[in-house]
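Notes for the one structure printed next.
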Amino acid sequence: MIVTAHLSDLHIDGRQRSIDRTRAVMEYLDALPDALDAVVVTGDIADNGLPDEYELARELLTSRHPVLVCPGNHDERAAFRRSLLGEPASTAPVNQVHRTDGFVVALCDSSVPGKDEGFIEDDTLLWLEDVLAQTPGDVPVLVGFHHPPALLQDPYIDGLRQFGEHRLAALVERFPNIAALICGHAHTAATTTFAGKPLLVAPGVVSTLRLPWEHYDHPADHVHLNLPPALVFHVLDDAGRLTSHYRSVAC
Ligand SMILES: [Fe+2]
Ligand SMILES: [Fe+2]
């Protein structure tokens with residue numbers, strides 16, 4: 001059995017709120033009795049893409065578990081690379097693969113510098129195709145990115161989703177060993193499907209999306225600030241079948 005913790009949207013900005021919430025989630029994960037196979041953070045690590053925010057994020061995300069991160073629309077590729085990955089600064093897409101004998105996590109950069117909506121560049125799709133082609137057909141793969149490529153029935157988030165998604169769908173349909181697609185950006189625990197696979201959206205650590213039927217007297221307010229930080233565990237069994245458990249964390 002493979003257990004991966006998936007969190008998203010820390011929005012580290014130096015303020016105590018984002019620090020406390022990220023710390024609560026990471027302390028919860030570090031206090032688990034057994035080692036996790038991976039902790040995946042699907043973007044919006046820093047709120048403003050600043051080097052100081054990434055230094056803080058790097059400290060907060062230090063864990064006894066392997067931690068994998070991908071950028072979101074609030075991130076800045078060069079600072080992200082330098083601080084979180086220890087790589088030379090570059091504005092090329094940040095794509096990463098984590099391989100073990102039992103599973104693969106492929107994290108694609110869906111960010112578009114200067115924009116809030118997402119798009120996976122052709123070079124990134126070619127990179128993903130190569131990762132999938134090099135993976136044995138009996139090894140399950142989680143494909144992650146920041147922006148959901150499908151409608152989530154929230155007009156605010158749907159307007160900022162991942163576009164050009166038919167290209168990703170065509171690729172996903174060729175690889176039956178993709179167990180699921182995982183993403184963030186929406187700040188809400190949500191599930192739907194994309195290209196015949198589960199599309200699993202991590203809840204937000206820093207805040208929770210206020211759904212259209214929750215707007216009450218504040219139609220311009222897109223988030224709940226009083227709901228607890230949360231994450232999701234993705235569990236792969238020996239047949240590569242996926243089960244996901246959503247968990248909120250006391251803070
Ligand atoms: Fe976000
Ligand atoms: Fe985002």
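Calculated accessible area for region 59-167 comes out at 43 Å² per residue, all protein chains present (probe 1.4 Å; ligands, DNA, RNA ignored).
Rounded to whole Å, give me the distance from the Cα center of region 178-235 to that of region 37-109. For region 178-235 versus region 37-109, the Cα centre distance is 20 Å.
What distance in nm separates the simple spin-label points at Asp221 and Val235, each placed 7 Å from Cα in the Cβ direction? Taking the two extended label points, one gets 3.7 nm. Electrostatic tally near Leu128: other residues with Cβ closer than 14 Å to its Cβ, Lys and Arg +1, Asp and Glu -1, net -4.
How far, in nm, would the chain grow between Thr62 and Ala169 when pulled straight, counting 0.36 nm per residue and subtracting the alpha carbon separation?
Additional length available on full extension: 35.1 nm.
Efficiency by 1/(1 + (r/R0)^6): what FRET value for Arg15 and Ala35, r their Cβ-Cβ distance, R0 = 35 Å, to the nearest 0.05?
0.65
Ordering Thr135, Val249, Leu50 by the projection of their Cα atoms onto the charge dipole of the chain, which places +1 on the Cβ of Lys and Arg and -1 on the Cβ of Asp and Glu, puts Val249 at the extreme positive end.
Summing charges over all other residues whose Cβ lies under 11 Å from the Cβ of Val3, with Lys and Arg as +1 and Asp and Glu as -1, gives -3.
In region 2-248, what percentage of the DSSP-assigned beta bridges are antiparallel, given to the nearest 5? Taking every DSSP beta bridge within region 2-248, about 50 percent pair in antiparallel fashion. Annotation: extensible slack from Arg99 through Lys115 equals 2.7 nm (criterion: 0.36 nm per residue apart, minus Cα-Cα distance). Computed about its Cα centre, the charge dipole of region 72-178 is approximately 180 debye, with only Lys, Arg, Asp and Glu carrying charge at their Cβ. Using r as the Cβ-Cβ distance of Asn177 and Asp122, and R0 as 30 Å, what FRET efficiency do you calculate, to the nearest 0.05? Working from the Cβ atoms, E equals 0.85. Carbon-plus-sulfur accessible fraction, the chain (probe radius 1.4 Å, protein heavy atoms only): 53%.
A DSSP coil position with no more than 12 other Cβ atoms inside 10 Å describes the following trypsin sites (Lys or Arg not before Pro) in region 90-170: Lys115.
The values are calculated or read from the model by the stated rules, or taken from the named source; none is laboratory data. Predicted model, so just to flag it, every value in this text is computed and none were measured. Positions of Cβ are generated from backbone atoms using ideal geometry, with glycine treated the same way; all protein chains shown enter the neighbour counts. Just the protein is used for accessible areas: all its heavy atoms, side chains included, with ligands, DNA and RNA removed. Shrake-Rupley method; radii C 1.70, N 1.55, O 1.52, S 1.80 Å.
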